[in-house]
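**Q** I am attaching a structure below and will ask some questions about it afterwards.
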Amino acid sequence: MAYILGITFPIYAVIAIGYAVVKIGWFRRQDMKVLGDFVLQVAMPALLFITVASRDVAHSIRPDYMLVYLVGSLATIIVAYLWFSMTAPDAGRRAVAVMGSSCPNNGFIGYPVMLLAYPDIAGIVLGMNFLIENIILIPICLILLDLSQGPVHHSIPRRIGLILWGVLKRPMIIGLLLGLAVSIAGIPLPDATARLFTLLANSAAALSLIVIGGSLVGLPLGGNQRMAAQIATAKLVMHPVLTGLAVAAFAALGMVSLSPDLFAAVILSSAMPMFGIYTVLAQERGLEGMASIAMLVTTSVAFITISAILYWLV
C-alpha cells in the first residue's frame, strides 16, 4: 500500500498545491489558462516529439493497445448514450454526460500517473492515447453536442472534416506526427536538440497538475447533482471496466497480447477523470454547473479509484 500511495499521493498533493495557490490569491484562476496553454502548446508537444523521435516506430505505436483502448472507449460512449437517453431530460444534457463519461484527461493527470507508475512507457502511452482521443473520441462527442442543438449548419461529414482539421493543427498532434516522421526516417537527433526537447518535456507533469488544481477553484456548483454523480460513476467505473472487458475479449480471440505494463496502462488511461475543457464545452450548452460538479467529484474520488486499480494491478 505504501508503494501505491507513493504514486497517488504526490499526484494529488500537487493538485492540492495548485488549488491552494489560487485559493489564497498567489495566482488567479485566469492564470491557470496561461499555464495550461503552455503545457498543451509547448511542453506536451515537446514531450511527444522527443519520446517518439528517440525510439523505433515499432515501439512507439502498438496497434493492439490502441485497438482495446478504442473499443473500450467506444463501448463506453454507446452504453453511456443508452443510459443517459433514459435518465437525461434533453439531448444537450445527454451529450454533455456522454462526453464526461468517455473522454479522460490523460494529458494533465494520466501522464503524471504513468510517469510515476510506469516511467518507461509513459510517453508512448500518452501519444497513443492522444491519437485515439483527439481523432476519434472527442470528435464523436462534439458531433453529439452539435446534434443536440437541432439542425446543424454543416452536414455531418463536413463537420467531421472541420473537427479533424482542427485536430491536425494542434501542437500536440504536430509534435507527435513530427516525432513519428523522424523515427520512421531514422534521423538521429543531435544531443543539444534532444536536451532542449527533454528540458521542455520535463516541465509538463508538475505544471499540468498545478493547472488541474487551480482550475477547480471557483467552479459553479449549482447543477443537477444526481446527473453529475452518474457521470462520475460512468467515467471512473464503467469506462475502465468496459476497457478491461475489451482486453479480455480480444485476448480470448488471440488478437491482442499486452504486456502487464501495457495492460495496466490501458486500464489506468480509461480510469482518469474527464478532460480539462469539459466544463468549457458544457458552458456553451448552459450546463456548466452539472459539468463542474461532475469534474470536481470525479477528480477528487479518482484518488481512491486510481489507488484501488493500482493496488489490483501491482
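**Q** About the Cα centre of the range 2-313, how large is the charge dipole given +1 on each Lys and Arg Cβ and -1 on each Asp and Glu Cβ? Please answer in debye to the nearest 20.
**A** 540
**Q** Classify the range 177-221 from the C-alpha gyration tensor, please: rounded if a/c falls under 1.5, else prolate or oblate depending on whether a/b exceeds b/c. Walk me through the intermediate numbers first.
**A** On the way: a/c = 7.34, a/b = 2.62, b/c = 2.81.
Because a/c hits 1.5 or more and a/b fails to exceed b/c, the range 177-221 counts as oblate.
**Q** A further question on this structure: Measure off 7 Å from each Cα along the Cα-to-Cβ vector at Ser300 and Met1, then give the distance between these two points in nanometres to one decimal.
**A** For the pair Ser300/Met1, the computed spacing is 2.2 nm.
**Q** Using the Kirkwood radius over C-alpha pairs as Rh, can you work out the diffusion coefficient of the range 224-314 via Stokes-Einstein at 10 °C, viscosity 1.306 mPa s, in µm² per second?
**A** 112
**Q** Something else: Select from Arg29, Arg195, Arg93 the residue whose mean-square fluctuation is largest in a Gaussian network model of the chain (Cα-Cα springs shorter than 10 Å).
**A** Checking each option, the largest mean-square fluctuation is seen for Arg195.
**Q** Just the number, please: Stokes-Einstein D of the range 2-313 in µm²/s, Kirkwood Rh from C-alpha pairs, 4 °C, 1.567 mPa s.
**A** 66
**Q** Give me the distance in nm between label points sitting 7 Å out from Cα along the Cα-to-Cβ direction at Met86 and Val280, one decimal.
**A** The two pseudo-label positions are separated by 3.5 nm.
**Q** Mind giving me the FRET efficiency for Val57 and Arg28? R0 is 45 Å, r the Cβ-Cβ distance, nearest 0.05 is fine.
**A** 0.60
**Q** Also, I was wondering about something else. Expected output is a single nm value to one decimal: the length gained when fully extending between Gln149 and Trp312, i.e. 0.36 nm times separation in residues minus the C-alpha distance. What is it?
**A** Answer, rounded to one decimal: 54.5 nm.
**Q** Using 1/(1 + (r/R0)^6) with R0 = 25 angstrom and r between the beta carbons of Val42 and Ile184, what's the FRET efficiency to the nearest 0.05?
**A** That gives a FRET efficiency of 0.55.
**Q** Here's something else I'd like to know. Please find, in a Gaussian network model of the chain (springs between Cα atoms separated by less than 10 Å), the residue of Asn134, Asn224, Asn105 whose mean-square fluctuation is greatest.
**A** Asn224
**Q** Oh, and also: Fewest first, what order do Cys141, Cys103 take by the number of other Cβ atoms within 10 Å? Let's see the in-between values first.
**A** On the way: Cys141 24, Cys103 27.
Exposure proxy ranking, most exposed first: Cys141, Cys103.
**Q** Another question about this same structure. Need one word for the range 1-68: rounded, prolate or oblate. Basis is the Cα gyration tensor (sqrt eigenvalues a ≥ b ≥ c); a/c below 1.5 gives rounded, then a/b vs b/c decides.
**A** Judged from the Cα gyration tensor, the range 1-68 comes out oblate (a/c at least 1.5, b/c at or above a/b).
**Q** Counting only C-alpha contacts under 8 Å and six or more residues apart, can you give the relative contact order of the range 2-313 as a whole percent?
**A** Relative contact order of the range 2-313: 35 percent.
**Q** Further, regarding this structure: Can you give me the distance in nm between label points at Val237 and Arg158, each placed 7 Å from the Cα along the Cα-to-Cβ direction?
**A** The answer from the label model is 4.3 nm.
No value in this document is a laboratory result; all are computed from the given coordinates. What you see is a predicted model, and the numbers here were worked out from it, not measured in a lab. A quick note on method: Cβ atoms are made from the backbone with ideal geometry, for glycine too, and the neighbour counts reach across all protein chains shown.
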